[in-house]
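Engineer: I have a structure here, written as structure tokens, and I will follow up with some questions on it.
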Amino acid sequence: MASKTNNSRRHFLGRALTIVGGAALGSLITACDGGGQPTPPPAPKPAPKPEAKPEPAPAPTPQPAATTNVDPNDQLAKQLGYVENIAEADTSAIAAFKEGSNCANCSLYQGKEGEEAGPCTIFQGKNVKAAGWCQSWAPKA
Ligand code: SF4
């Protein structure tokens, strides 16, 4: 009796594995060849967003014409070592001094060439002497 039961179970399991195996094989074949259906093209990737370009530095704002000159004794002028005539200063004591530098050839000077004085972006509302100099001097580009 036990032998007949075992045979029935084996038969049942064998059939079940055949069915399951066949289905699994069928699924595998379907997965590999697309099941006979044309494979849809992959969705297009969204175009990469262009990187934001850094804003260019704003151009210096032209200074309104000033009627007074910077007083070398003003607090900011003293802090920056401003002098009205660098040619008369003891430049050997100024470590930051570059030979030949003065307000007229400084990138922050906005005076017209040949004029005695003109605006400087540092000293708002006042003129600096073209022959002057301070420690913020930077060469014109
Ligand atoms: Fe002169 Fe330039 Fe100094 Fe202004 S920043 S005071 S223009 S040297």
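The values are calculated or read from the model by the stated rules, or taken from the named source; none is laboratory data. This is a predicted model, so every value here is computed, not measured. Note that each Cβ is placed from the backbone with ideal geometry, even for glycine, and that neighbours are counted across all protein chains shown. Side chains included, ligands, DNA and RNA excluded: accessible areas come from the protein's heavy atoms. Shrake-Rupley method; radii C 1.70, N 1.55, O 1.52, S 1.80 Å.
Engineer: Share of the stretch 62-141's accessible area from carbon and sulfur, percent, 1.4 Å?
Structural biologist: C and S atoms contribute 50 percent here.
Engineer: Here's another thing I want to ask about it. Give the cross-link partners of Lys112 among the lysines, using a straight C-alpha distance below 17 Å as the criterion and excluding same-chain residues fewer than 8 apart.
Structural biologist: List returned: Lys126, Lys129, Lys140.
Engineer: Can I ask one more? In the stretch 99-141, how does Rg compare with the Kirkwood Rh, expressed as the Rg/Rh ratio over alpha carbon atoms? Write out the running numbers ahead of the final one.
Structural biologist: On the way: Rg = 9.0 Å, Rh = 10.0 Å.
Over the Cα atoms of the stretch 99-141, Rg/Rh equals 0.91.
Engineer: Can you compute the label reach from Ala57? Point 7 Å from Cα along the Cβ direction, backbone N cut-off under 17 Å, restricted to the stretch 108-127.
Structural biologist: Backbone N within reach: 108-110, 120-123.
Engineer: Collect residues whose amide H, placed 1.01 Å from N in the peptide plane, falls under 5 Å from the amide H of Ala117; neighbours closer than 5 in sequence don't count.
Structural biologist: Under 5 Å from the amide H of Ala117: Ala130.
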